[in-house]
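So the structure is just underneath, and the comments pick up after that.
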Amino acid sequence: MPRKPKESPAQELRRRVLEAVRAVPPGQVAGYGEISRRAGYPGRARLVARILSAGDEPGLPWHRVLRSDGRIAFPPGSAGFDEQVQRLRAEGVRVESGRVRGQRAAPTLDQILWAPPD
DNA sequence: GATATGACCTGAA
DNA sequence: GTTCAGGCCATAT
């Protein structure tokens, strides 16, 4: 019988990461490390970046993913940088000098999901 | 197989 | 507030 269509670890990781990114509600932001941790792969923040850079998944709220410092992962002046800032502002996130103001990348996604409204 | 690169993270100075 | 070094792992050459 044909072997199971078991996907490669990278495939599963990608799927989990995408799900974690989609789990971030609008107006909120998360860090790469948090996404990787929530996906079940702690310490693989670079993998998250690698996946987002692929941009295979349309409709993915990649703009809600920032660095742990709350700064934009893109270099200032870059197209991605500008686009991400614009999208965040459209969701009500205050962005100043390429950094998110008022709410850093939450230490844990639980903090985001459990964060009290206003 | 080895080296270099990348939308990174953490801790320490 | 910033900068530096070490770690992590998939992809490209």
What are the pairs with Cβ atoms under 6 angstrom where one residue, in the stretch A:47-73, is open to solvent by less than 10 Å² (accessible area, probe 1.4 Å) and the other, located anywhere, is among the hydroxyl-bearing types (Ser, Thr, Tyr)? Sequence gap at least six, or different chains. A:Val48/A:Tyr32; A:Val48/A:Ser36
Among the residues that make up the stretch A:106-113, is at least one of them part of a loop (DSSP other than H, G, I, E, B), among the hydrophobic types (A, V, I, L, M, F, W, C) and farther than 26 Å from A:Gln11 by Cα? yes
A:Pro42 vs (1) away from DNA strand C (no atom under 14 Å from the Cβ); (2) surrounded by fewer than 12 Cβ atoms within 10 Å (Cβ to Cβ); (3) under 20 Å from A:Gln111 (Cα atoms): all pass except (1)
Restricting the search to the stretch A:74-83, which residues are in contact (Cβ under 8 Å) with a residue 12 or more places away in the chain and out of contact with any Ser or Thr (no Cβ under 9 Å at 6 or more places or on another chain)? A:Phe81, A:Glu83
Might you let me know whether the stretch A:3-20 holds any residue that is open to solvent by less than 40 Å² (accessible area, probe 1.4 Å), assigned to a loop (DSSP other than H, G, I, E, B) and either over 20 Å from A:Ile112 (Cβ atoms) or at pLDDT 85 or above (or both)? no
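Yes/no per residue for (1) within 11 Å of DNA strand B (Cβ to nearest atom); (2) in a helix (DSSP H, G or I); (3) among the hydroxyl-bearing types (Ser, Thr, Tyr):
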position	(1), (2), (3)
A:Arg50	yes, yes, no
A:Asp56	yes, no, no
A:Gly77	no, no, no
A:Gln86	no, yes, no
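The values are calculated or read from the model by the stated rules, or taken from the named source; none is laboratory data. Treat the numbers as computed from the prediction; the structure is a model and nothing was measured. Every residue, glycine as well, gets a Cβ built from its backbone with ideal geometry; the counts of neighbours run over all protein chains shown. Remember, those area values only see protein heavy atoms, side chains included, never the ligands or the DNA or RNA. Shrake-Rupley method; radii C 1.70, N 1.55, O 1.52, S 1.80 Å.
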